[in-house]
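Worksheet for the structure shown next.
The values are calculated or read from the model by the stated rules, or taken from the named source; none is laboratory data. In this text, all values refer to a predicted model and were calculated from it rather than measured experimentally. Note that we place each Cβ from the backbone using ideal geometry, even for glycine, and neighbour counts take in every protein chain shown.
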Amino acid sequence: MNAEDTAWLQSSTIQVIKPIRPRKLAKVPFVELADGRLQGVVSSGSDISRVYVSSITAGDHTYSCSTNNNRPCGALSWGLCKHIQALMSEAVVQYGTERVARYLRIEGDVEGLSVPELIRRLNAQHQSLPSSTVFSRFLHHLSYLEVPATTTPLPEMHWFPSTLAVR
């Protein structure tokens, strides 16, 4: 990395948390641990123009999944849908198993658990939650893709996985 590439690191006001592993953003473009939930946006497997807002609440592990128009995911009647499973998988890639488990307050030793084993530890029940807040935050973050390249810090972008090597 040259000095120009690292200038943002020195001027940033938010500590950059290096992802555990690089994420592929096509399936789950937005994942965060915020507002007492693991939450994010998951692309539809069947319709390129549809996305789902999925979440798991810390502590009681209630889950929600609906389209950006607040239509419930059709697979929720059978339990955790593939959108929530994809969200959990990408959260583990982004933050690591231990951090996700600690945030969601999953009991017991979680070190080295696979995502399916982690999901089995959830005491999950469905609860509909409005998707507007998470989806709106995602759209707000997407607007930063239109911002010209600069070394000026953008604190709101600390969640976005960087392709630069962070030391």
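Test Leu76 against the stated conditions and say whether it is outside any helix (DSSP H, G or I), farther than 21 Å from Leu142 by Cα and over 16 Å from the mean Cα position of the chain (by Cα). First the steps, then the outcome.
On the way: outside any helix (DSSP H, G or I): no; farther than 21 Å from Leu142 by Cα: yes; over 16 Å from the mean Cα position of the chain (by Cα): yes.
The answer is no for Leu76.
Testing Glu111 on (1) touching a residue at least 40 places away in the same chain (Cβ under 8 Å); (2) assigned to a loop (DSSP other than H, G, I, E, B); (3) in contact with a helix residue (DSSP H, G or I) (Cβ under 8 Å, 6 or more places away or on another chain), one condition comes back false. Which one is that?
(1)
Would you check if there is a residue in segment 109-124 being at pLDDT 70 or above, surrounded by 12 or more Cβ atoms within 10 Å (Cβ to Cβ) and either farther than 25 Å from Ser64 by Cβ or in contact with a Cys (Cβ under 9 Å, 6 or more places away or on another chain) (or both)?
No, segment 109-124 has no match at all.
What number of residues within segment 42-71 are touching a residue at least 40 places away in the same chain (Cβ under 8 Å), crowded, with 16+ Cβ neighbours inside 10 Å and not hydroxyl-bearing (Ser, Thr, Tyr)?
7
Would you pick out the residues in segment 94-108 that are within 17 Å of Ala34 (Cβ to Cβ) and assigned to a helix (DSSP H, G or I)? Reasoning before the result, please.
Quick first cut of segment 94-108, residues within 17 Å of Ala34 (Cβ to Cβ) only: 94-96, 99-105.
Within segment 94-108, Gln94, Tyr95, Arg99, Val100, Ala101, Arg102, Tyr103, Leu104 meet the criteria.
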